[in-house]
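One structure is given below, encoded as structure tokens.
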Amino acid sequence: AFIFIGVLITSGGSVSAASNTTVIKKSDGSDLTYLDGSGKVMRLTEYTYPTQDFRGVWISNYANDLASYANETQYKNEIDAILDNMEEYGLNVMMFHIRMHNDALYDSKLNPRRNYWHNVNFDQFDPLTYIIEEAHKRGIEFHAWLNPYRVLSSGLDTDLETFAASFRSMYPEFPNNPAGNPELIVKAGEGVYLNPGEPAVRKHILDTIDEIINKYDVDAIHFDDYFYNGISDSQDNKTYSKPGYNPKGLSKADWRRDQVNLLMAGIDELLDQHFDHTGKVVQLGISPTGIYLNSASGTAGQQHYSALYCDSVAWIQ
């Protein structure tokens, strides 16, 4: 499998207008300006984009980037407008959010459907198939953007046993989903995450990816930076102490990083097997926060190595 680590860098400050530049227009026809109000955003009037550049855009219902599905015509118009803009701006990769909170914006037998697509009848029209096919027609890669562990961002007002029972009651058609088992979930502040240290959780994520890559013609599986995000030490001490769960005798911090590494290695193997069986390359993309280790980069910010317990250098190696 191919692994790429992405860091999104943004910068403000207006660019002086020149004879070969023009103001970028928004979809409503108005000028695009920098968030700090420092000026209009310019682009070259003519530009030949290097074909090997990765020029991607993240698209998510969760961030209100597009409307919920109402009907086939409405949604096709939404997607076509996005793809038109991508072509206009020379973008060649769409990272589309299909798994936000242990759910699915696709036809799944493993995860409950997200409410944004409540009106979809997959027997008549599959929006994800349409998005992928239309992107490919324009030479745009489709990267399926997943949050691997997150179940609930905030607002948890009960214990995990009650939360799991509520999940089972709401989604009886998904009896094996880890969110319905209190032993497989942990608190993260007022949120809930699948427990990264549980083998059953890793299997569910691998099964989820396997379902996606066999049902849809995706070009990559893409994660953002939610790994051990806000999960306190006390939440998974029981998991860490289970017999057979720490055969390497690692410290708690190293053990946590190893749990994420085990998932990444499993995904790498899964995608390699998929290539062997089908000849289809599915890339693996990961976008952690921008700093690996301050000691390695001369920075002084949050390190994903210790704050999120993810070892991006190990993934590359």
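Some points to look at:
- E87, sole failed condition from (1) closer than 18 Å to E141 by Cβ; (2) within 21 Å of the chain's Cα centre (by Cα): (2)
- Test: residue in region 300-307 that is touching a Pro at 6+ places or on another chain (Cβ under 8 Å) and open to solvent by less than 30 Å² (accessible area, probe 1.4 Å): yes
- Scanning region 207-262 for residues that are under 13 Å from N195 (Cα atoms) and under 16 Å from the mean Cα position of the chain (by Cα), we see that the one that is modelled with the lowest pLDDT is Y226.
- Which numbered condition G90 fails, given (1) on the phi > 0 side of the Ramachandran plot; (2) in a helix (DSSP H, G or I): (2)
- Residue within region 112-121 that is part of a strand (DSSP E or B), out of contact with any helix residue (DSSP H, G or I) (no Cβ under 6 Å at 6 or more places or on another chain) and open to solvent by 50 Å² or more (accessible area, probe 1.4 Å) present: yes
- Residues (more than 17 Å from Y226 (Cα to Cα), in a helix (DSSP H, G or I) and more than 18 Å from the chain's Cα centre (by Cα)) located in region 269-312: E269, D272, Q273, H274, F275, D276, H277, T278, N294, S295, A296, S297
- Test result for H143, out of contact with any Pro (no Cβ under 6 Å at 6 or more places or on another chain), surrounded by fewer than 20 Cβ atoms within 10 Å (Cβ to Cβ), at pLDDT 95 or above and closer than 21 Å to D225 by Cβ: no
- The residue of region 281-299 that is farthest from I209 (Cα to Cα), among those that are in contact (Cβ under 8 Å) with a residue 60 or more places away in the chain and open to solvent by 50 Å² or more (accessible area, probe 1.4 Å), is G290.
- For region 63-84, filtered to residues that are in contact (Cβ under 8 Å) with a residue 40 or more places away in the chain and exposed (fewer than 14 other Cβ atoms within 10 Å of the Cβ), the residue that is nearest to G139 (Cα to Cα) is D80.
The values are calculated or read from the model by the stated rules, or taken from the named source; none is laboratory data. Model, not experiment: these values are computed from the prediction. Here Cβ is always computed from backbone atoms with ideal geometry, including for glycine, and neighbour counts include all displayed protein chains. Accessible surface areas use protein heavy atoms only, side chains included; no ligands, DNA or RNA. Shrake-Rupley method; radii C 1.70, N 1.55, O 1.52, S 1.80 Å.
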